[in-house]
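No lab work stands behind these numbers, since they all come straight from the coordinates. Nothing here was measured: the structure is a model prediction, and the numbers come from that model. Note that we place each Cβ from the backbone using ideal geometry, even for glycine, and neighbour counts take in every protein chain shown.
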Amino acid sequence: MSKVLTSGKLNEVISFLISGGKQVVAPVLSGDKYFYCAISDSGEAVFDSAVKSSGSVKEFFFPRHEKICGYCHEGKELVVTDAELFSGEQVIFGVRPCEAASLPILDKVFGWDFQDRFFQMRRERTTVITLACEPDDFCFCTSVGLAPDMELGADAMLIPAGKDNFEVRIFTDKGSAIFDGNLSETKSTSASETESLAATTATTTATTSTATTANVTDKTTDKAVNLPESKFEAAYVQRYLTDNFADEVFDRLSIRCLGCGVCTYVCPTCHCFDIVDEGGAFCGERVKNWDSCQFAFFTHHASGHNPRGNQSARQRNRIQHKFRIYPEKFGHILCTGCGNCARQCSVTLGVLPYVEELEKKAKASNPPYSLHLFDRRAEILDKKTKTIDKG
Ligand code: SF4
Ligand code: SF4
């Protein structure tokens, strides 16, 4: 049996949440682009599997500007006031599964050596409802182990099922609570209905994609979804980066990079920020502001030296961090294949051209890169390290 929700019922659910004082966020059309925005009316939300928001949902967990404390001199005393943690509740609808998948990945870095309660409170008090995605030419979620109907990071998922209907998959109690009493049960979606879903979504994306997608049956759901073509094997990229820290590919491809930082701002997994005091010498606020490894001043030392003095070095850092350093440290690739970095880049660069070339180089190496051999080498290095540790 499938759980089904009509679009009319979905509007009722959203209206009920808004009238109950919850912040509801959804993709909204603004000019000719879509953004995740807080809405005051269910009619503002756009539920279209082909829509790719121009921003990232991360800003509802990790705002681009956030006060962490206030300070004020009173006579000879410095009075510090804590900033309030997020205490409301928010429900975010229509999140792309690759954006939702970034949230458990970010949990690691915001709950590692320091517990960032600003991020964590928003995570705890937010319900994420994804919308199964229709990939476009920029998407490569399957290359990093994800899929357009992946449940990672989601509390529930909506899957368009014919005109004005959604199949609803519930993953958590939070997701269940949102739709409580509004779902009807129906026999499992038939193959023909599924094909109609693929046809419906394909129609809406005719101008953006499908040339590189393959219609494949998802074995876990027995439902046809359009999977983006797998573009590289991430394990080869990681292995190659380990041995080739400063490969020539960074110089060659980064010539066209403008250093604007847009790719990092729209990336659901990028999380660099700066802490600065804003205000006067006597009173002000200490705030977190988004920063970007693609900015020239990001690593600029007070001495004037910059260890990443050009775009090649900055892009190298980004790729090394996402595909080698973060996986080594936290066990996740710091990329969900959402394609935002290229989709929003004015020179259509993003991470994909780098990793595709690095993977090709790994496979063309002589002797060829063998993942088995690398695993063996890691084992040997690990043993050596342990021997050294023991003295
Ligand atoms: S890759 Fe594109 S978006 Fe990123 S810094 Fe370079 S020009 Fe800007
Ligand atoms: S690096 Fe690019 S494709 Fe990967 S998560 Fe960030 S924006 Fe998406």
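Can you tell me the dipole magnitude for region 234-376 around its Cα centre, using point charges on the Cβ only (Lys, Arg +1; Asp, Glu -1), in Debye to the nearest 20?
I would put it at about 360 debye.
Note down, for region 234-376, the three equivalent ellipsoid semi-axes (square root of 5 times each alpha carbon gyration tensor eigenvalue), biggest first, whole angstrom.
Equivalent-ellipsoid dimensions as semi-axes: 31, 16, 15 Å.
So if R0 is 35 Å, what FRET efficiency would Lys33 and Glu356 give, r being the distance between their Cβ atoms, rounded to the nearest 0.05?
Result of the calculation: an efficiency of 0.80.
Skipping prolines and chain starts, which residues have an amide H placed within reach, meaning under 5 Å, of the one on Val91, given they are 5 or more residues away or on another chain?
Gln23, Val24, Val25, Thr127
Go ahead and run the numbers for FRET between Phe245 and His300, Cβ-Cβ distance against an R0 of 25 Å, rounding to 0.05.
Values: r = 21 Å, r/R0 = 0.85.
The calculated FRET efficiency here is 0.75.
Suppose each label sits 7 Å from its Cα in the direction of the beta carbon; what would the Lys163-Ser184 distance come out to in nanometres?
Simple spin-label model gives 1.6 nm for this pair.
Holding the Cα-Cα limit at 27 Å, pick out from Lys108/Lys363; Lys108/Lys288; Lys9/Lys52; Lys231/Lys329; Lys22/Lys52 the pairs that are longer than that.
Those over the limit are Lys108/Lys363.
If each residue's Cβ is checked for other Cβ atoms within 10 Å, how do Glu59, Glu328 rank with the fewest at the top? If you can, show how the numbers build up before the last one.
Details: Glu59 17, Glu328 11.
Ascending Cβ contact count within 10 Å gives the list Glu328, Glu59.
For region 1-131, count the residues as N, evaluate 2.2 N^0.38 Å, and divide the Cα radius of gyration by that value, please.
1.27
What is the spin-label model distance, in nm, from Phe47 to Asn289 if the labels are put 7 Å beyond Cα along the C-beta direction?
Label at Phe47, label at Asn289, 4.0 nm between them.
Determine, for each peptide in 145-156, 275-286, 105-116, 19-30, the mean count of other beta carbons within 10 angstrom over its residues, then list the peptides with the highest first.
145-156, 19-30, 105-116, 275-286
What is the distance in Å between the Cα centroid of region 271-338 and that of region 22-90?
21 Å
Show me the ranking of peptides 131-138, 243-250, 94-101 by mean Cβ neighbours inside 10 Å, starting with the highest. Walk me through the numbers before you get to the answer.
Values: 131-138: 24.4, 243-250: 15.8, 94-101: 27.1.
Going by the mean number of other Cβ atoms within 10 Å, highest first, we get 94-101, 131-138, 243-250.
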